[in-house]
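Some notes on the structure that comes next.
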Amino acid sequence: MHEIKCPHCGKAFNVDEAGYAEILRQVRDEAFDKALHERLELAEQEKKAAIELAEAKVTGELKDDVARKNAEIERLKAELDKADVTGRLALKEALGEVEKERDDLKRDLDAKDNEKELLERSLKEKYETQIKDRDDAIERLKDMKAKLSTKMVGESLEQHCEVEFNKIRAGAFPNADFAKDNDASGGTKGDFIFRESDDDGTEFISIMFEMKNELDEGSNKKKNEDFFKKLDEDRTKKGCEYAVLVSLLEPDNELYNTGIVDVSHLYPRMYVIRPQFFIPIITLIRNEAYKTLKLKSELALVRAQNIDVTNFEEKLETFKTGFEKNYDLASRKFHTAIDEIDKSIKALEKTKENLLGSERNLRLANDKAQDVTVKKLTRGNPTMTEKFKDLSD
């Protein structure tokens, strides 16, 4: 962990190695570019100021001298016209000296102009040499930057894309979600997934991103097309509409260096870009998808209506199935009850017949009992006759 102190508020905070490396890289790049542009602008300004100062100084002095001499010549000419012959000769001699001085000053002025041109050419060559030296230094730094370690370059590529998106997230994509793909349930995953929905929650765009890079010195060189199949599988498994490969592979391939490359002839809705086209590709795809948002909303409404009809039909079928099942069960129980009632009726009728038969037998028995007399019982039985006779007495 590294502690960084804010130069504005003085507050200190900690950042991890990856964040510190990214901040250091940005500071170095921005500081170098800023210092380079400032020095070039300062040098250009110094050159212009030096040339203008020299021109103004030399030109002003010589012009003032020439103006003074011309004025003096005109004055002397005027006096010569008024003077006598002697005076004219004296004035002529004086005029000759002044004209000689004037000619000398003109020669000096021409010499100064030549000197100024030489100075300007010398300054121009000097600053062109300095600019060439700085261009060489920039190329050396770019070459050094291209030869960073694989881990640092790989991490910086993902961090670069994430930072670039977060810079404009709040203003350009308030309803969007851009995060790492951490779902490996399907056996594989991409690097980042971008999804955006409208205010009603209807998703109208989704993009699967994969970031790839490698060292220039690496012996096992990869090509962009080596990752197309896996990226398409990730897009399909995660339900994304588009797939984008953000790549620094094949740095000398002119096809991928031209800008946004459409490879949908190999895999549907797939593009390959360099990191500088990361935000433009999202904006391009998102804006095109937004045009179809109304159609998607209507389609979602139709689907919802179809789902409602389907749910109603399913509920109706469930009710009919349950009612039929209950009807069959009640019908079987009803017939069973009828059968049991019929059996009970038959049993009762049989019981009735038995009771009726018993009643006839009881009536016959009663008739027979009513017909029994002592006389009949003792007939042919002298002993019982004697006993009943004794009882009667």
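The values are calculated or read from the model by the stated rules, or taken from the named source; none is laboratory data. Keep in mind that what you see is a predicted model, and the values were worked out from it rather than measured. Cβ sites come from the backbone with ideal geometry, for glycine too, and all protein chains shown count toward neighbours. For accessibility, only protein heavy atoms count, side chains too; no ligands or nucleic acids. Shrake-Rupley method; radii C 1.70, N 1.55, O 1.52, S 1.80 Å.
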* Residue-normalised accessible area of the range 194-260, expressed per residue, 1.4 Å probe, Å² -> 50
* Asked: Which whole-Hz ³J(HN,Hα) couplings does the range 200-211 yield from phi under the Karplus relation 6.51 cos²θ - 1.76 cosθ + 1.60, θ = phi - 60°, glycine and proline marked x?
  -> 8, x, 7, 6, 10, 7, 8, 9, 9, 10, 10, 10
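Please compare each pair in K167/K291; K320/K346; K100/K126 to a cut-off of 32 Å on the Cα-Cα distance and tell me which ones are over it. Spell out each step's value before the answer.
Details: K167/K291 24 Å; K320/K346 38 Å; K100/K126 38 Å.
Correct reply: K320/K346; K100/K126.
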* **Spin-label pair K350/A176, simplified geometry with 7 Å Cα→Cβ offset, distance in nm** => 9.0
* Got a sec to turn the phi values of the range 259-271 into Karplus ³J(HN,Hα) couplings, 6.51 cos²θ - 1.76 cosθ + 1.60 with θ = phi - 60°, whole Hz, x for Gly and Pro? -> x, 7, 10, 8, 10, 5, 6, 9, 9, x, 6, 10, 9
* Asked: Across the range 222-228, in residue order, what do the Karplus-derived ³J(HN,Hα) couplings come to in whole Hz, using 6.51 cos²θ - 1.76 cosθ + 1.60 with θ = phi - 60° and x for Gly and Pro?
  -> 9, 10, 4, 5, 5, 10, 5
* Accessible surface of the range 242-296 [probe 1.4 Å, protein heavy atoms]: carbon and sulfur percent -> 58
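Output the pairs from K63/K92; K57/K106; K189/K294; K77/K106 with a Cα-Cα distance over 26 Å in this structure; if there are none, say none.
On the way: K63/K92 24 Å; K57/K106 15 Å; K189/K294 31 Å; K77/K106 20 Å.
Beyond 26 Å: K189/K294.
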* Asked: How much of S358 can a 1.4 Å solvent probe reach, expressed as accessible area in Å² and rounded to 10?
  -> 60
* Over the range 214-299, volume per residue of the alpha carbon convex hull, in Å³ -> 110
